[in-house]
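K.L.:
Below is a structure I'd like to ask you about.
The values are calculated or read from the model by the stated rules, or taken from the named source; none is laboratory data. Predicted model only: the values in this text are computed from it and were never measured. Quick reminder, even Gly has a Cβ in these numbers, built from the backbone with ideal geometry, and neighbours come from all protein chains shown. Quick note on the areas: whole protein, heavy atoms, side chains included, nothing else; ligands and nucleic acids left out. Shrake-Rupley method; radii C 1.70, N 1.55, O 1.52, S 1.80 Å.
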Amino acid sequence: MKILAVASEKLEITPWAGRSGPAERLYWPVRYACKMKCNGHEVYAVANGAGPVLAELAVDTAVERAGPFQLLLSFGLCGALDPSFAVGDICTAVSVSDGASTWHARPLPGAKEIRLLSINRFLADRGEKAAWAAKGFQAVEMEAAAPAAYAARKGLPFIAVKVISDRAEENFALDFNEFRDSAGNFERGRIALAALKRPFLYLPDLLRMATRGPTVSATLGEFLVKSTF
């Protein structure tokens, strides 16, 4: 099967690629892309940054360069909305919603089945997380809606597999939404400058993300390399 797998960051791809065997770097006009084999499948993995605009561009680029595909997969980090979820839990969506539209997703065995919220906003406040949880969502991220919508338009199967990187009760002092460019990219330079100006308030947030990101991405990579799509 020929699979298009869409993430946000390279760090979400490399643990899976590293466990699947040699990966071929693809020099496409996106942040990172590679081609690999996984359990007999041909996988094109693309990361192009945060949010639906950049995820849609990743899908369009991949389809133009290597399509058509037989299955679309969204994978990477997500935040818990359900207080029972712990950091490192693997979740698989039965549906993906941007708050207005909802798309069906095919769950993978071995992961917690969830209703996944995919919005163009980083949820930093536990009160805001609780409000979405009250609507029945159990985890949140920013990219899955674009490949889900594409798969629905083309009549293709769609899977979303995510790993929890922050708990529902956790707050972030730093509002990362204030540091995005017009395309939706988080501007790392501005974020670093803000942290330097208020280190005691903001640096714990950045350190938490920097240490958890690689760890939970490795957990997700272990899961994906053993998965049958």
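K.L.:
Please compute the volume of the convex hull spanned by the alpha-carbon atoms of the range 138-194 and report it per residue in Å³.
P.N.:
Output value, Cα hull per residue: 114 Å³.
K.L.:
How much length would be gained if the chain were fully extended between Val87 and Met209, taking 0.36 nm per residue of separation minus their Cα-Cα distance, in nm to one decimal?
P.N.:
42.8 nm
K.L.:
Roughly what % antiparallel, to the nearest 5, for the DSSP beta bridges in the chain?
P.N.:
Once the DSSP bridges in the chain are tallied, antiparallel ones form about 40 percent.
K.L.:
Over its Cα atoms, what ratio of radius of gyration to 2.2 N^0.38 Å does the range 113-216 give?
P.N.:
Against the compact-globule rule of thumb, the ratio is 1.20.
K.L.:
Can you pull the percent of the chain's accessible area that's carbon plus sulfur, 1.4 Å probe, other chains left in place?
P.N.:
Whole-percent figure for carbon plus sulfur exposure: 55.
K.L.:
Treating only the Cβ atoms of Lys and Arg (+1) and Asp and Glu (-1) as charged, compute the dipole magnitude of the chain about its Cα centre; round to the nearest 20 debye.
P.N.:
380
K.L.:
Right, something else. What is the distance in Å between the Cα centroid of the range 92-149 and that of the range 12-33?
P.N.:
After rounding, the separation between the Cα centres reads 25 Å.
K.L.:
Nearest 5 percent is fine: what portion of the DSSP beta bridges confined to the range 1-109 is antiparallel?
P.N.:
Here the antiparallel bridges make up roughly 55 percent for the range 1-109.
K.L.:
Another question, if that's okay. How much accessible area per residue does the range 1-91 have, in Å², with a 1.4 Å probe?
P.N.:
Value for the range 1-91: 38 Å² per residue.
K.L.:
Answer with one residue from Phe69, Phe85, Phe186: the one whose Cα lies farthest towards the positive end of the charge dipole of the chain, charges on Cβ with Lys, Arg +1 and Asp, Glu -1.
P.N.:
Projecting each Cα onto the dipole axis, the largest value belongs to Phe69.
K.L.:
Okay, next question. Which value, in nm² and rounded to one decimal, describes the direction-averaged projected area of the C-alpha convex hull of the range 80-138?
P.N.:
If I average the Cα hull's projected area over directions, I get 4.2 nm².
K.L.:
Which FRET efficiency value, to the nearest 0.05, do you get for Ala183 and Lys10 by plugging their Cβ-Cβ distance into 1/(1 + (r/R0)^6) with R0 = 25 Å?
P.N.:
0.90
K.L.:
Another one. Can you list the residues of the range 157-176 with backbone N under 18 Å from a point 7 Å past the Cα of Leu201, pointing along Cα to Cβ?
P.N.:
It comes to 171-176, nothing else.
K.L.:
Ok, one more. Using helices alone, I'd like the mean residue ellipticity at 222 nm for the chain: each DSSP H run of four-plus residues gives -39500 (n - 2.57), total over residue count, nearest 500.
P.N.:
After summing the helix terms and dividing by residue count, I get -11500 deg cm²/dmol.
K.L.:
Let me ask something additional. Once Rh for the chain is found with the Kirkwood sum over Cα pairs, what is the Stokes-Einstein diffusion coefficient at 37 °C and 0.692 mPa s, in µm²/s?
P.N.:
Value of D from the Cα-based Kirkwood radius: 187 µm²/s.
K.L.:
If you take the beta carbon distance between His104 and Asn171 as r and set R0 to 30 Å, what does 1/(1 + (r/R0)^6) give as a FRET efficiency, to the nearest 0.05?
P.N.:
With a Förster radius of 30 Å, E is 0.40.
K.L.:
Counting only heavy atoms of the protein chains, get the accessible area per residue of the range 130-210 (1.4 Å probe) and round it to a whole Å² value.
P.N.:
48
K.L.:
Follow-up question, since we're still on this one. Determine the gain in length on full extension of the stretch Lys35-Glu64; use 0.36 nm per residue of separation and subtract their C-alpha separation, reporting nm with one decimal.
P.N.:
Extra length from Lys35 to Glu64 when fully extended: 9.0 nm.
K.L.:
In the range 77-195, what is the count of Lys pairs whose alpha carbons are under 20 Å apart, counting only pairs at least 8 residues apart or on separate chains?
P.N.:
Close lysine pairs under the 20 Å cut-off: 5.
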